[in-house]
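First the structure, in the form of structure tokens, and then the observations on it.
The values are calculated or read from the model by the stated rules, or taken from the named source; none is laboratory data. Small disclaimer: the values here were computed from a predicted structure and weren't measured. Cβ sites come from the backbone with ideal geometry, for glycine too, and all protein chains shown count toward neighbours. The protein model used for the area step is the full one, side chains on, heavy atoms only, and it has no ligands, DNA or RNA in it. Shrake-Rupley method; radii C 1.70, N 1.55, O 1.52, S 1.80 Å.
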Amino acid sequence: MTVDIREFSRDDSGLSRDDSVAVAPDEDREAAAPSGAQGPGTDSPAPTGGPSETEIPASCPQGFLDGLPPLIRDLSVKSIRRREEGARLYPNTFRPEHSTAEVRAEFGDCTNDVLAERKPERKLAGRIMACRAHGKSVFFTVQDPEGKIQLYARRDQLPREIWDLVTGLDIGDIVGVAGTVFRTRTGELTLNVTGMELVTKSLWPLPEKFHEMDVEMRYRRRYVDLIMNEQVRRVFAVRSKTMDYLRKFMGSKGFLEVETPMMHPIPGGANALPFVTRHNALKMDLYLRVAPELYLKRLLVGGMGRVFEINRNFRNEGISVKHNPEFTMMEFYQSYADYRMLMELTEEMFSGLAMEVAGTTSITYQGERTSFRAPFRRISWKDALVQIGGAPPEAAWSSDAAAAYLKVLDPADETRPGAGLCELQELIFDLAVEKKLVNPTFVTNYPTEMSPLARRNEADPSLTDRFELFICGREIANAFSELNDPVDQYARFAEQAAKREAGDQEGMYLDRDYVRALMYGMPPAAGEGVGVDRLVMLLTDSASIRDVILFPQMRPESLWAPRTGTAEEVPPQAAPAPEALPAPLALTAPAPEALTAPFALTAPAPFALTAPSARTAPGLRGMPPPPRREAWVSGRRPT
């Protein structure tokens, strides 16, 4: 069978570039309008003269129609009426037996003569993405999770009830179809419809084109973004494949996947501002975890030699293209290992991941070519400042020299008076070094002051056995040989707690239970954190971390406003006054003479948030920017 469609102007999908929907001859469709009639970036289609208040069906929930755009209100009323008349708009009886990908794989190489002889019948389901009528025939494009395929329906080949269904469909409706596979004269693989069932009625028109969705709409309505953009679906398929590879790789190396608490009585594992929540049954404040590190190292104490966890962390900080307050990371710990061994493991893991996901170790990110092929470059923290950042050698040990060079890099810099050497070096690194680290580079031997959980270097105790891995100007992984000396760890916790008392909101708390765990004895070990979101960004060439998170956090939006109070919109959230914030379980810094006191928790200190800076990141609707130096510097992983 051959369908003559030579007179149609066609695009690559096999459909006409005229995307208008057929106007059905039946009385049920006498005011049909093109789906997607709204303009770019808006949800307000042109008014269509919807029904008056007196025409609202009795079964319509009170408040459901209030504030809806006119066309959507009209479609909703008609659908409710059809349901009152007995129409099944949301049945759960159709079961597809094939996918679009299976049809294309099976018949992609078949000629029309072969298909005409075999007349293969297939049954599939999908969402209508395009529709064009010509006389007594209609062409559709339907999309399922695996791809798209064209449908062809002809009036004289279908029973009356099915043709009525065909002419009553809108773009966005989900249908189940049965038919025979053939090729049109232009060679498009098509399903000649012999049966059709409405599976789900769509009441909100899709955008006409993907480019009509602005960035904010894409993030807020990821469900629409996924419908309209195949590339977005590919990104999250790569993310899933990445997670699967990481789990298999760690399992192949003898690591056991574990789960540790998401709510902590004391935040720890990173210098970061936590989110506070309340446990009503226990009548106590808890923190969403900023890092799982301290719990995972407790497992090493318990004799679990190799452990890893892939899960979410939460840090109450700014938002940028590299930062999201809720992010995914993988942390793993290995007994009887040091940070050098983890460098080799990381090289093997990353190069294997690139081959698995991209098919090559050479990738392009935002126009820059980089290679995941081992070995990766290695350079110390101080050498990076001098050799890559251009700092004078004196900046490695002199605060005055570092401050002077920082002024050269950023004349407008207003670093607080009395800033220490490490703080100045961090700023120099951010401005002059990080963005130049395009190919994978291990930066090693960080100062002890910046690494309160890392083991001191035996040759130079002012440094730690630590590395951070940078790729394309972004920190991707952070690792160190673990500190397992309980006395040294307690002293560093006390120093961090003292900083908190002095006003550093991101200073670590004194976790006495963790120190007690170390006193039982933790074997020498090394641990690493890998930022999964940033890793997926590299593998998918995504410019923003929000592009690789399905539902990034956004400010509340006003939906349609009900008049009845039955389905209230989400109001904008006002920032609470500092005195209204709950008082979390903060621990005060112990006095020097108290270092040998019994392990008792001190009284909780109040937890006050400062007002956000008036300076805002562009295009993020008033969200505060990330700090100049990322707050993860003392922890395992960035956001």
Between residue 380 and residues 5 or more places away or on another chain, the pairs with built amide H atoms under 5 Å apart involve 444
Placing each pseudo-label 7 Å from Cα in the direction of the beta carbon, residue 439 and residue 234 end up separated by a distance in nanometres of 2.7 nm
Which residues qualify? For residue 290, with a placed amide H closer than 5 Å and at least 5 residues away or on another chain, they are 268, 314
Of 118-128, 67-77, ordering from highest average Cβ density within 10 Å down gives 67-77, 118-128
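Of the peptides 461-468, 509-516, how do they stack up when ordered by the mean number of other Cβ atoms within 10 Å, highest first?
Values: 461-468: 21.1, 509-516: 19.4.
In descending order of packing, they fall as 461-468, 509-516.
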Quick calc, the stretch 239-302, dipole around Cα centre from Cβ unit charges on Lys, Arg (+) and Asp, Glu (-), nearest 20 debye, gives 140 debye
Expected field for residue 436, accessible surface area in Å² at 1.4 Å probe radius, rounded to 10, holds 110 Å²
Charge dipole of the stretch 328-381 built from unit charges on the beta carbon (Lys, Arg +1; Asp, Glu -1), centred at mean Cα; most positive-end Cα among 357, 372, 330 is 372
Rounded to 0.05, the calculated FRET efficiency for the beta carbons of residue 84 and residue 226 at R₀ = 45 Å is 0.90
Note to self: with every protein chain in place and a 1.4 Å probe, the stretch 127-167 gives an accessible area per residue in Å² of 44 Å²
Diffing the stretch 155-160: the Karplus 3J(HN,Hα) column from phi (6.51, -1.76, 1.60, θ = phi - 60°), in whole Hz with x for Gly and Pro, holds 4, 7, 10, 10, x, 4
The extension gain from residue 502 to residue 263, computed as 0.36 nm times the residue separation minus the Cα-Cα distance, is 83.4 nm
The alpha-carbon center of the stretch 127-142 and that of the stretch 292-306 are separated, in whole Å, by 59 Å
FRET efficiency for residue 387 and residue 348 from the Cβ-Cβ distance with R0 = 35 Å, rounded to 0.05, comes out at 0.85
Carbon plus sulfur, as percent of the 1.4 Å-probe accessible area of the stretch 75-177, comes to 47 percent
Expressed as a percent, the accessible surface of the stretch 247-337 that is carbon or sulfur, using a 1.4 Å probe and the full set of protein chains, is 55 percent
In nm, the gap between the two label points placed 7 Å beyond Cα toward Cβ at residue 282 and residue 93 is 5.1 nm
Summed over the other residues with a beta carbon less than 11 angstrom from that of residue 510, with K and R at +1 and D and E at -1, the charge totals -1
Burial-style ranking of 298-310, 444-456, 81-93, average other-beta-carbon count within 10 Å with highest first, yields 444-456, 298-310, 81-93
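How many percent of the accessible area of the stretch 372-422 is carbon or sulfur, using a 1.4 Å probe?
55 percent
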Pseudo-spin-label distance residue 248 to residue 377, built 7 Å along Cα→Cβ, given in nm, is 3.2 nm
Whole-Hz Karplus couplings 3J(HN,Hα) for the stretch 249-266, θ = phi - 60° and coefficients 6.51, -1.76, 1.60, Gly and Pro as x, run 5, 5, x, 5, 9, x, 8, 9, 6, 10, 10, 10, x, 8, 10, 10, x, 9
